[in-house]
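Heads up: the structure comes next, in structure tokens.
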Amino acid sequence: MTEGLDLATLMSAVLGNANGAITPPIVQSSLFSFDSYEAFEDRMAGRSNTAIYTRVQNPTVAAFEGLMADAEQGEAAVGFASGMAAISSTLLAFVKPGHRIACVEHVYPDSYRFMERILRPFGVEVDYFSAEQFENDPDLLQGVQLAYLESPSSILFKPLNLSKVTAHAKRHDVLTMIDNSWASPVFQKPLTQGVDIVLHSASKYISGHSDTVAGVVVASQKHIDQIRDLTLSLLGGKLAPFEAFLLTRGLRTLSVRMRQHEATANLFIDRLSALPQVRRVHSPGPNDVPGLTGRSGLLSIEFDDSIDIPTFSNALKHFRLGVSWGGFESLILPARVGLAQIGEENSMQRFGVSPNLVRLNLGLEEAEDLWADFTSALTTGAR
Ligand SMILES: *Cc1c(COP(=O)(O)O)cnc(C)c1O
């Protein structure tokens, strides 16, 4: 991780020497004062770039943003209070009434709700397309202003060939945006495949410890400036200094954690294929699409009718029942439970999801303990 940039260099750039501290001090200050009238005026007129007010800029947050920009190979980054703050603020910085968004199908359910409940009533058209349509229809993006992507998608984890999609987007002058939370920059760097804007729910792998809700966006300086000036400052969903500190700590172990998640996922994939109760496993891996270099620990499994999902779920001991993912502890989210939140009668169908589907977050516990727990719960859950 962060091969190009070391934390010490970045910290001295944004925090000064900080008395030689090797983790970023938490600058818990709402405002930053100036030494003179002239320095104050220069800053307000945009002739210098130090922090003024923590709603828009803070040194601890800037240290995290610098590391994220480096990890995703982008020019700049901006932190947010949550993944949804990052998604909503980025979309609202670039779309206007009358615009059309092409969205990949089966995105994170709250991203879908944002499109439908907030953007559509404001006069933004949103159409949903499959990965195959995005990749193979060169004119799909005609008349579209923004393409909203996830690769892989949520729930069924369908990956997208990003280079193909961005080639179509460039021809039609379409801004592309992707939610890269699943792969993390360790396994996929979408900016290197021509995507314009990458965002993360940093609550997941980047935090890695289930103790933070946060988001981050990485893009060109120009795009980040637009988000920072417009929707970060006017909607105000800023990342807090303490959370930025936790995220910086998370980033230091991101690549070792991702490799452990991958090893456990590979062990599950190998063994699941031998189980008669398993109809399908949705878990994209290295080279399923160009640019994807690893398999994360978030996958879904479709059982046949021989497993009673509630009994199976209740029998698990290591896997806890809960939303979210990306932390130490393994979790299970049965699809029927997860989609109940959307509140649409046909949401199982809309998302193309079988009632026999469960999503697993394979955490960092011993892989053999997780497997033993999983198979023993399968025995209990047999009808
Ligand atoms: C959790 C999640 C989000 C939303 O992030 P929050 O930090 O919970 O607001 C967005 N996209 C994906 C893929 C997620 O899993």
Hey, does the stretch 272-280 have a residue that's within 15 Å of the ligand (Cβ to nearest atom) and in contact (Cβ under 8 Å) with a residue 12 or more places away in the chain? no
Taking the stretch 99-118 and the residues there that are over 26 Å from residue 167 (Cβ atoms) and of a type outside the set (Phe, Trp, Tyr), the one that is nearest to the ligand (Cβ to nearest atom) would be 110
Tell me, please, whether a residue that is of a type in the set (Lys, Arg) and within 14 Å of the ligand (Cβ to nearest atom) can be found in the stretch 200-223. yes
Write out, first by first residue and then by second, each pair whose Cβ atoms fall under 7 Å of each other, whose residues are 6+ apart or on separate chains, and whose first residue, in the stretch 200-226, is among the polar types (S, T, N, Q) while the second is part of a helix (DSSP H, G or I) and within 8 Å of the ligand (Cβ to nearest atom). 201/83; 203/83
Being surrounded by fewer than 24 Cβ atoms within 10 Å (Cβ to Cβ), outside the structural domain of residue 293 (by TED's automatic domain parsing) and modelled with pLDDT under 95 is true for just one of 138, 121. Which residue is that? 138
Restricted to the stretch 137-160 and to residues being of a type in the set (A, V, I, L, M) and within 13 Å of the ligand (Cβ to nearest atom), the residue nearest to residue 200 (Cα to Cα) is 149
Give 94, 134, 80, 129 a once-over and let me know the one that is among the aromatic types (Phe, Trp, Tyr) and within 16 Å of the ligand (Cβ to nearest atom). 80
Unique residue being at pLDDT below 95, hydroxyl-bearing (Ser, Thr, Tyr) and touching a Phe, Trp or Tyr at 6+ places or on another chain (Cβ under 8 Å) when the list is 181, 154: 154
Filtered residues of the stretch 179-199 (kept if over 16 Å from residue 84 (Cα atoms), within 14 Å of the ligand (Cβ to nearest atom) and small (Gly, Ala, Ser)): 183, 184
Kindly evaluate residue 110 against the criterion of being surrounded by fewer than 16 Cβ atoms within 10 Å (Cβ to Cβ) and at negative phi. no
Give the number of residues within the stretch 351-377 that are more than 18 Å from residue 314 (Cβ to Cβ) and among the β-branched types (Val, Ile, Thr). 1
Would you call residue 212 assigned by TED's automatic domain parsing to the domain that holds residue 155, modelled with pLDDT of 95 or more, polar (S, T, N, Q) and crowded, with 19+ Cβ neighbours inside 10 Å? yes
Being surrounded by fewer than 21 Cβ atoms within 10 Å (Cβ to Cβ), at pLDDT below 95 and not charged (D, E, K, R) narrows it down to one of 12, 82, 29, so name that one. 12
Among (1) crowded, with 20+ Cβ neighbours inside 10 Å; (2) within 15 Å of residue 175 (Cα to Cα), residue 152 falls short only on (2)
Which members of the stretch 232-248 meet the condition of being under 19 Å from the mean Cα position of the chain (by Cα), under 25 Å from residue 46 (Cβ atoms) and either part of a helix (DSSP H, G or I) or at pLDDT below 95 (or both)? 232, 244
What tally of residues in the stretch 215-227 results from selecting those that are surrounded by fewer than 22 Cβ atoms within 10 Å (Cβ to Cβ) and in a helix (DSSP H, G or I)? 4
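The values are calculated or read from the model by the stated rules, or taken from the named source; none is laboratory data. Keep in mind that what you see is a predicted model, and the values were worked out from it rather than measured. No Cβ is skipped: glycine too gets one built from the backbone with ideal geometry, and neighbour counts run over all protein chains shown.
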